[in-house]
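Chemist: This is the structure I have questions about; it appears just below.
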Amino acid sequence: MTTRPDRGGDLPPRPPVVPEIPAQPGPEAATAGPPPVPAAEEPAAAGPAVDAAPEPAPRPDRAQYGVVAFLALVGGFVIFDATTRIGRAINTADPIGPKPVPILLGVLLLVIAVIYAVDVARGGRGEPEAGEDVDLSLPIDWRTVLLLVGAFLVNAVLIERLGWVISGTILFWGSAYALGNRHYVRNLLIAVALSLITFYTFAIGLGVDLPAGVLQGIL
């Protein structure tokens, strides 16, 4: 600022400073009021937990009673057969005789039948086997079943005529074929080896001579 000589060097007057007035809120802000404070979450009621609906009691699997009846019948038949048909042959090598073992087996079968019946009556049931790599939704492979049954029937018919070694070879080879193995020569060699092993195991180890058939005098 420069001075004016006509006024004796006095400084010119300054305009009054007008203070800044803050902006006034509009009518909407005036009526809105302060922002609402979020209410604290109320703690969960510590009342007793609601009990789930009780599961219905498992019904007994009545089909299992057929297994119970079968076990009881077998046990009763074994005891009856042991007490009526088996003699009292006792010697120094066998002082007990032939009766106690079948009677004991029959009694155990009856005990198992009673325990099984009680378990079934209480609702016990076996869990179905899921299987590892078996699709339970697929139907039964009747071709495989019939081939296996045929191999066993051929063995039963030919064991006396041809002997165990030949009929057993047919049994083992036919079973491998029925189950899908197509290594014919290797399966034949394995079947012959198994038949010979079982033949000599029964003859030498157990003292039981299996039918030799057409190979009588050779084996």
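The values are calculated or read from the model by the stated rules, or taken from the named source; none is laboratory data. Only a predicted model underlies this, so the values are computations on that prediction, with no experimental measurement involved. Heads up, the Cβs are rebuilt from the backbone with ideal geometry, glycines too, and the neighbour counts pull from every protein chain shown. Protein only, heavy atoms only, side chains kept; ligands, DNA and RNA dropped before computing areas. Shrake-Rupley method; radii C 1.70, N 1.55, O 1.52, S 1.80 Å.
Chemist: For the list (1) open to solvent by less than 90 Å² (accessible area, probe 1.4 Å); (2) among the hydrophobic types (A, V, I, L, M, F, W, C); (3) at pLDDT 95 or above, I need the number of the one condition that L189 fails.
Modeler: So L189 meets the others, but not (1).
Chemist: Follow-up question, since we're still on this one. Just the residues that are open to solvent by less than 60 Å² (accessible area, probe 1.4 Å) and within 36 Å of the chain's Cα centre (by Cα), please, taken from region 193-219.
Modeler: Residues satisfying the conditions are A193, S195, T198.
Chemist: Still on this structure, I have one more. Taking the condition touching a Lys or Arg at 6+ places or on another chain (Cβ under 9 Å) and either assigned to a helix (DSSP H, G or I) or free of Cβ contacts under 8 Å to residues at least 24 places away in the same chain (or both), does V214 pass?
Modeler: Against the criterion (touching a Lys or Arg at 6+ places or on another chain (Cβ under 9 Å) and either assigned to a helix (DSSP H, G or I) or free of Cβ contacts under 8 Å to residues at least 24 places away in the same chain (or both)), V214 qualifies.
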